[in-house]
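Report on one structure; see the data block that follows.
The values are calculated or read from the model by the stated rules, or taken from the named source; none is laboratory data. Keep in mind the model is a prediction, meaning the values are calculated, not measured. For neighbour counting, all protein chains shown are included, and Cβ atoms are generated from backbone atoms with ideal geometry for every residue, glycine included.
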């Protein structure tokens, strides 16, 4: 069974699927699309996914066009190293964390970092409406990170004793925070996110643990490591 995934380097939703396959120890092929060239909106890709979004997993002619659907499919097709747990209670916990972070953490990260990392905008001036919107987004991000830091306690993974779908959802988001600290440190200082690892020590321990898992390095955005 050949696994081929279409994604954009650094796109959190596509990264989730890569992590799911890595956690299961699967071999896969990646087709990276260049968003800056509009390749995800080109006719040949729209024939695969009319929505023009990533990721898409192609498996022997079958197309799966959503990150959560891909993770769920992987768990049914390859039950080893379950992403959604092996008991009803664990599954419920993982699904709850997964859906919460898919909604709230993803939205906060997007609102804070799309202008800074993707669009390359300067920070809005203090007192402006745009700055107030950014500050509100930063506070939403802090709220989600406080929740996750407390949720981890001394656990190495979210919702399970081994890497799960929740970890696959959260890891790309937290990695984007660290990418911004690396590339836009002054901006991050100004909005109060430069000391992220000290503010959220349990998340930092967890991030290093996930990063050290076999196969995770291969999932890293290619424009980060080249």
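Would you check if residue 83 is touching a residue at least 24 places away in the same chain (Cβ under 8 Å), in the same structural domain as residue 13 (by TED's automatic domain parsing) and surrounded by 16 or more Cβ atoms within 10 Å (Cβ to Cβ)? Full working, then the answer.
Values: touching a residue at least 24 places away in the same chain (Cβ under 8 Å): yes; in the same structural domain as residue 13 (by TED's automatic domain parsing): no; surrounded by 16 or more Cβ atoms within 10 Å (Cβ to Cβ): yes.
Criteria not met by residue 83.
Give me the residue from region 194-217 that is in contact (Cβ under 8 Å) with a residue 60 or more places away in the chain and not in a helix (DSSP H, G or I) and, out of that set, farthest from the chain's Cα centre (by Cα).
Top of the filtered list is 214.
Any residue in region 39-47 that is in a loop (DSSP other than H, G, I, E, B) and either closer than 27 Å to residue 182 by Cβ or modelled with pLDDT under 95 (or both)?
Of region 39-47, the ones in a loop (DSSP other than H, G, I, E, B) are 42, 47.
Keeping just the survivors that are either closer than 27 Å to residue 182 by Cβ or modelled with pLDDT under 95 (or both) gives none.
No, the conditions are met nowhere in region 39-47.
Taking region 54-65, which residues are outside any strand (DSSP E or B) and touching a residue at least 24 places away in the same chain (Cβ under 8 Å)? Outline the logic, then answer.
Residues of region 54-65 outside any strand (DSSP E or B): 54-55, 60-61, 65.
Those that are outside any strand (DSSP E or B) and touching a residue at least 24 places away in the same chain (Cβ under 8 Å): 54, 55, 60.
Does region 166-175 include one or more residues that are in the same structural domain as residue 202 (by TED's automatic domain parsing) and either surrounded by fewer than 15 Cβ atoms within 10 Å (Cβ to Cβ) or in a loop (DSSP other than H, G, I, E, B) (or both)? Talk me through it step by step, then tell me what you get.
Within region 166-175, the subset in the same structural domain as residue 202 (by TED's automatic domain parsing) is 166-175.
Pick out the ones that are also either surrounded by fewer than 15 Cβ atoms within 10 Å (Cβ to Cβ) or in a loop (DSSP other than H, G, I, E, B) (or both) and you get none.
The answer is no; no qualifying residue exists.
Looking for something within 19 Å of the chain's Cα centre (by Cα) and either assigned to a loop (DSSP other than H, G, I, E, B) or under 24 Å from residue 9 (Cα atoms) (or both) - is there at least one such residue anywhere in region 87-96?
Our first condition is that a residue be within 19 Å of the chain's Cα centre (by Cα); within region 87-96, this holds for 93-96.
This time we only want the ones that are either assigned to a loop (DSSP other than H, G, I, E, B) or under 24 Å from residue 9 (Cα atoms) (or both), so: none.
No, region 87-96 contains no residue that is within 19 Å of the chain's Cα centre (by Cα) and either assigned to a loop (DSSP other than H, G, I, E, B) or under 24 Å from residue 9 (Cα atoms) (or both).
Restricting to region 87-116, name every residue that is at pLDDT below 95 and either touching a strand residue (DSSP E or B) at 6+ places or on another chain (Cβ under 8 Å) or surrounded by fewer than 17 Cβ atoms within 10 Å (Cβ to Cβ) (or both).
114 - this is the single residue of region 87-116 that is at pLDDT below 95 and either touching a strand residue (DSSP E or B) at 6+ places or on another chain (Cβ under 8 Å) or surrounded by fewer than 17 Cβ atoms within 10 Å (Cβ to Cβ) (or both).
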